[in-house]
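Here's the structure we're looking at; comments come further down.
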Amino acid sequence: MDLAEAVAALRAGGVIGFPTDTVYGLAVMPGGEAKVYEVKGRPADQPLILMVAEASHAEAYVSVDRRARWYMDRWWPGPLTLVLPAGERTLGVRIPDHPAALELLRATGPLLTTSANRHG
């Protein structure tokens, strides 16, 4: 699947597989979480990770304080997931250090992700 096909599949509500700097992942557009839980067999009470292309893109989803900003500036892109306040809950956020993942995220905007393996 090329980039245009991946973007079209995501925008149509699909789930795609994609490489990151740490694992192969599954991704959906925000709002499509139920589909990725179904595909993976993952319990819906286990949150997904928000991947973004730029740290500023995370601010629409999570609260970023001075300490979080320092970690973002120091360790992103890379394998660090920051767990940050997101209203009444928390959400893990990261920027992967992988050219294909970053290209995808630049084309789609933030994606909700999980590893590609089946749950359990």
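The values are calculated or read from the model by the stated rules, or taken from the named source; none is laboratory data. Nothing here was measured: the structure is a model prediction, and the numbers come from that model. Note: ideal-geometry Cβ built from the backbone for every residue, glycine included; neighbour counts use all protein chains shown. Quick note on the areas: whole protein, heavy atoms, side chains included, nothing else; ligands and nucleic acids left out. Shrake-Rupley method; radii C 1.70, N 1.55, O 1.52, S 1.80 Å.
Taking all protein chains together, His98, His57 sort by accessible area into His57, His98, largest first [probe 1.4 Å].
For the range 30-46, backbone phi angles converted through the Karplus equation (6.51, -1.76, 1.60; θ = phi - 60°) give residue-by-residue couplings of x, x, x, 4, 4, 5, 5, 4, 5, 4, 7, x, 9, x, 5, 8, 9 Hz, Gly and Pro being listed as x. A 1.4 Å probe run over the protein chains yields, for the chain, 56 Å² of accessible area per residue, whole-number rounding. Solvent-accessible area assigned to carbon and sulfur over the chain amounts to 53 percent, based on a 1.4 Å probe. Would you work out if the range 17-62 is rounded, prolate or oblate? Take a ≥ b ≥ c from the square roots of the eigenvalues of the alpha-carbon gyration tensor; rounded if a/c is under 1.5, else prolate when a/b is larger than b/c, oblate otherwise. Since a/c reaches 1.5 but b/c is at least a/b, the shape of the range 17-62 is classed as oblate. Database remark: amide H of Leu84 closer than 5 angstrom to the amide H of Leu91, Gly92, Val93 (H placed geometrically; neighbours at sequence offset of 5 or more, or on other chains; Pro and chain starts carry no H). Asp2 exposes around 80 Å² of accessible area when a 1.4 Å probe is run over every protein chain in place. Computed with a 1.4 Å probe over protein heavy atoms only, the accessible area of Met72 comes to about 10 Å². Summing Lys, Arg as +1 and Asp, Glu as -1, what charge do residues with Cβ under 14 Å from the Cβ of Arg89 carry, Arg89 excluded? Summing Lys/Arg as +1 and Asp/Glu as -1 gives -3. Note on the chain: the alpha carbon radius of gyration divided by the globular reference 2.2 N^0.38 Å gives 1.00.
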